[in-house]
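The structure appears right after this line, and notes come after that.
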Amino acid sequence: MGLWSTWVELKNNIRDFWWKEMTQMHDNIVGLDASILMHPKVWEASGHISNFTDPMVDCKVCKSRFRSDQIDLSAPCQNCGSKDSFTEPRNFNLMFSTHMGSVQDSSSVVYLRPETAQGIYADFKNVVQSSRVKIPFGIAQVGKSFRNEITTKNFIFRSCEFEQMEMQYFVKPGEDETWFDFWKEQRMAFYHKMGINPESLRWHKHGDDELAFYAKDAYDIQFLFPMGWQELEGVHNRTNYDLTQHQTFSGKDLSYLDQETNERYVPYVVETSAGLTRNVLMALSDAYEEEKLPDGDTRTVLHFHPKIAPITVAVLPLVKKDGISEKAQKLEKELREDFATFYDQSGAIGRRYRRMDEIGTPYCVTLDYQTLTDTQ
Ligand code: GAP
């Protein structure tokens, strides 16, 4: 499933807003565009080859596959109703694999990245050496990730191919908790600035059963989706686990020398990891309203913040004649330089406004006879 027309604009606007807030608005965060296919050792180092699994069972009768932690194994198969038909749970790796080069054997296996974050670790040394950044600093990246998800439902909430917006913030050990609190505050503020209803956002702290063994602390920002509270973004204190692992597996020194104090250490990382595709679903859910009309009918309206609305301003001349449409077209062309615009001169003005309400256009400009007088 893909996104099309106005929803691509919505996705790009959210992405651009995130990019601006995370790079342009901070003088110590640099951008990165790492590759999707990386050396398989990257995924050995990160633990994805051995640990990035879901426990699965198959129904021996209808061959349907389920996550064993999401169903009652003593109940009949949900698909065909057979009893006692499940296989033993087996770990199923969520990474998609393919082959690099013409020979297809075990030595040519490569993986499509299941998260963008590992590309940031793999490029950490390059960034330190080429960007003259000093700790604390961050590396931000937006891009596609791939997971062989068995349960893909709820539209684009969980899909096999999706986009992430991730930032790894490298800090001095001991200062990690302060930066963790800083990024928690920044990331929630981001959604408020995007105009999302604060009452539909909340924090969820990872309990001992959810926390990765190397993580010191982790919180999710959850959003109240139509199907309930669900994760939107994670803010994690990942300690120096990832860089230490990459150091071990690559044999390259990934420590950082603080030139002022002459201290050398492997930095701690505070990660902010948001789903871009999931953000699109959040923005749509948040904007959606079913308006009850006096005649009993219902109509839908989308309320987007101007920062993310697919169309920012529509220009709607009241009539086509007497030079009004020419003036309106000229105005629309001028506005195009800075805004996503839409021009519509056909049909009743009320209906044209209505169409704009339906796709969440925050500003509409109408030109009429008074405009001709006022702008003479
Ligand atoms: N680097 C850390 C990381 O990837 P994650 O919790 O697995 O952490 C981060 O993913 C975010 O990516 C999630 O909060 C969610 O918004 C998004 N995400 C994860 N899996 C997804 C999927 N299958 N489809 C859509 N979005 C997904």
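Just so it is clear, none of the values below were taken in a lab; they were calculated from the coordinates. Everything quoted here is computed from the prediction, not taken from an experiment. Cβ sites come from the backbone with ideal geometry, for glycine too, and all protein chains shown count toward neighbours.
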| message | For region 62-101 and region 257-293, what is the centre-to-centre distance using only Cα atoms, to the nearest Å? | response | 32 Å
| request: Work out, step by step, the length gained on full extension between Lys41 and Asn79: first 0.36 nm times the residue separation, then minus their alpha carbon distance; give nm to one decimal. | output: 9.8 nm
| remark: With Rg from the Cα atoms and Rh as the Kirkwood inverse mean 1/r over Cα pairs, region 48-151 has an Rg/Rh of 1.17
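Provide, as a two-decimal number, the C-alpha radius of gyration of region 249-376 over 2.2 N^0.38 Å, N being how many residues it has. Please list the in-between numbers first.
Details: Rg = 24.9 Å, N = 128, 2.2 N^0.38 = 13.9 Å.
Its radius of gyration relative to the 2.2 N^0.38 Å reference: 1.79.
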| Can you list the equivalent-ellipsoid semi-axes of region 248-318, largest first and in whole Å, using the square root of 5 times each Cα gyration tensor eigenvalue? | 53, 16, 11
| request: Could you tell me what fraction of 2.2 N^0.38 Å the Cα radius of gyration of the chain comes to, as a two-decimal ratio? | output: 1.21
| In whole Hz, what ³J(HN,Hα) sequence does region 319-336 give by Karplus (6.51, -1.76, 1.60; θ = phi - 60°), x for Gly and Pro? | 9, 8, 8, 6, x, 6, 5, 4, 5, 5, 5, 5, 4, 4, 5, 5, 5, 3
| message | I want to check the label-to-label distance for Thr151 and Glu334. Put each point 7 Å from Cα in the C-beta direction and report it in nm to one decimal. | response | 5.5 nm
| Applying 1/(1 + (r/R0)^6) with R0 = 45 Å to the Cβ-Cβ distance of Lys60 and Phe213, what FRET efficiency is obtained, to the nearest 0.05? | 0.85
| said: Within 10 Å of each candidate Cβ there may be at most 13 other Cβ atoms; applying that plus a DSSP loop requirement, which GluC sites (Glu not before Pro) in region 142-244 survive? | reply: Glu210
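Can you give the longest stretch of the chain with no exposed loop site, where a site means trypsin sites (Lys or Arg not before Pro) in a DSSP loop (not H, G, I, E or B) with at most 14 other C-beta atoms within 10 Å? Working shown, then result.
On the way: sites that count: Lys60, Lys63, Lys83, Arg132, Lys134, Lys153, Lys252, Lys320, Lys321.
Here the longest segment lacking exposed loop sites spans 154-251.
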